[in-house]
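What follows draws every value from the coordinates through simple rules; no lab data is involved. Quick caveat, the model's predicted, so the values are computed rather than measured. Glycine gets a Cβ as well: all are built from the backbone with ideal geometry, and neighbour counts include every protein chain shown.
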Amino acid sequence: GPLVDIFWLDKSSHLESPLAIFTALTTDLRKMRNYVVAPFAEELVYRACILSVLVYSGWSLTLASVIAPLMFGIAHLHHFRHLTRHAGYDRERSMRIVCFQAGYTTLFGIYASFLFLRTGHFVAPFLSHAFCNYMGLPELHRLNSSKDKNILIVAYLAGIIGFFALLMPLTNPEWYNPYIWNFVPSEN
């Protein structure tokens with residue numbers, strides 16, 4: 001849905017060409033931080049380090065795949081201070097924003113943990129994280145305001161169905177040699 005909306009329907013999109021993105025990454029430190037440094041550092045810490053330690057220390061894959069993402073979500077609570085001190089939001093609005101952000105980052109963390117455990121590699125969660133930071137949250141309000149509402153609805157539904165239909169085949173462990181540590185985690 002969002003890809004169709006941004007790249008096909010919305011000609012005034014904020015998204016840029018690959019060359020413009022590369023140029024921006026090399027000249028704009030904020031974009032470098034948001035699209036490269038933060039995803040790399042966060043996935044290194046929360047997936048490659050914390051999740052790996054939890055799994056190797058005997059935690060079940062399920063529990064480890066929830067605890068590490070919860071830590072990831074909680075780590076985003078520091079945005080409360082920025083919202084109240086610098087963005088001028090009151091405490092109640094800041095808390096709603098931060099709780100929402102902690103919720104969706106925790107959900108993303110569960111997905112990233114799945115990718116890391118299923119593929120055995122750092123690259124999949126890192127690229128997914130960078131892509132999600134680049135895209136941002138879907139602008140669902142456009143479903144009602146767009147003249148191409150029906151196309152968007154079909155695109156969103158096709159994207160959701162495609163995501164779930166392809167999730168397991170595209171993360172097939174046999175493709176990625178996920179046992180690079182000579183350790184096959186068992187589900188407790």
Checked the range 11-107 against the a/c 1.5 cut and the a/b vs b/c comparison, axes a ≥ b ≥ c from its Cα gyration tensor; verdict oblate
Which whole-Hz couplings ³J(HN,Hα) result when phi for each residue of the range 66-72 is put into the Karplus expression 6.51 cos²θ - 1.76 cosθ + 1.60, θ = phi - 60°, listed in order with x for Gly and Pro?
-> 9, 5, 4, x, 4, 4, 4
Cα-based Rg of the range 16-56 per 2.2 N^0.38 Å, rounded to two decimals?
-> 1.55
Kindly provide the trypsin sites (Lys or Arg not before Pro) of the range 121-161 that DSSP labels as loop, not H, G, I, E or B, and whose Cβ sees at most 13 other Cβ atoms within 10 Å.
-> Lys147
So if R0 is 41 Å, what FRET efficiency would Phe122 and Ile153 give, r being the distance between their Cβ atoms, rounded to the nearest 0.05?
-> 0.70
Sort all Cα-Cα distances of the range 63-170 into consecutive 5 angstrom bins from zero, then give the percent of pairs in each bin up to the one containing the longest distance.
-> 2, 11, 14, 18, 18, 15, 12, 8, 2, 0
